[in-house]
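Enquirer: The following block contains the structure, expressed as structure tokens.
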Amino acid sequence: MNWIDYLLAILISLPILATFVLGAFLARNGKSAMGKPTIQPFFFYTGKFLLFAVWALFAFIAVFPEYRSAVPFLIQDFTPEVQKLMACVLLIPANLIIVPAYLSMGLVTHIGLPTGKHELRTGGIYRISRNPMYASFIFLNTATFLFLPSLLLLAIMLYGMVVHHFIILGEEKFLDSEFGDEYLKYKVKVPRYM
């Protein structure tokens, strides 16, 4: 492994580690990370699980490159260094977006709609994107495809992104009904993704 491989392993591990740390933080404070799905539960949970599984596979292959050939439907026999470097470059904004989004949401973070008391978050990273966690997925998925150019993984990532778009639409309906004019003003000023 060279320095690019080490950098890839670190950069793809950060959002995964942040997810686990946030989950542990919620559990330690007696909070559940599970909320109410905004779309049909099968699509909601498979979309979330499959994207996370693809990124976990990326992290695993970055650390154990000898298993790369086990990834199905790869369109390249190896990943050129320039592609690895481009993946690193894309993982930097992914981390700069997703980690502050987790920190901004803190104890009110849910997988799905909140079930208890909540407030509209419009500060921090939420001043530039209404959905920074989901916006970071664009960078994560592009970096993943550069590192592991598999047609199967591409199909899974496209499925996950389409599912997450519908999740966002459901969240927007919920936020509109919960916060009314406050959310509409926010929605006019801040883009859905970036």
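The values are calculated or read from the model by the stated rules, or taken from the named source; none is laboratory data. Treat the numbers as computed from the prediction; the structure is a model and nothing was measured. So basically every Cβ, Gly included, is an ideal-geometry build from the backbone, and we count neighbours across all protein chains shown.
Enquirer: In region 35-66, which residue that is of a type outside the set (A, V, I, L, M, F, W, C) and in contact with a helix residue (DSSP H, G or I) (Cβ under 6 Å, 6 or more places away or on another chain) is modelled with the highest pLDDT? Step through it out loud before you land on a result.
Expert: From region 35-66, those of a type outside the set (A, V, I, L, M, F, W, C) are 35-38, 40-41, 45-48, 65-66; that's our starting set.
Restricting the remaining residues to those that are in contact with a helix residue (DSSP H, G or I) (Cβ under 6 Å, 6 or more places away or on another chain) gives 37-38, 47.
On the way: PRO37: 92, THR38: 92, GLY47: 96.
The qualifying residue modelled with the highest pLDDT is GLY47.
Enquirer: Specify which of the listed residues (LEU51, LEU22, LEU7) is part of a helix (DSSP H, G or I) and within 19 Å of SER150 (Cα to Cα).
Expert: On the way: LEU22 fails: within 19 Å of SER150 (Cα to Cα); LEU7 fails: within 19 Å of SER150 (Cα to Cα).
Just one listed residue meets the conditions, LEU51.
Enquirer: Determine which single condition THR122 fails, assuming it passes every other condition in (1) β-branched (Val, Ile, Thr); (2) closer than 22 Å to PRO191 by Cα; (3) part of a helix (DSSP H, G or I).
Expert: (3)
Enquirer: Checking ALA101 against (1) surrounded by 20 or more Cβ atoms within 10 Å (Cβ to Cβ); (2) under 17 Å from the mean Cα position of the chain (by Cα); (3) modelled with pLDDT of 95 or more; (4) not basic (Lys, Arg), only one condition comes out false. Which one?
Expert: The single condition ALA101 does not satisfy is (3).
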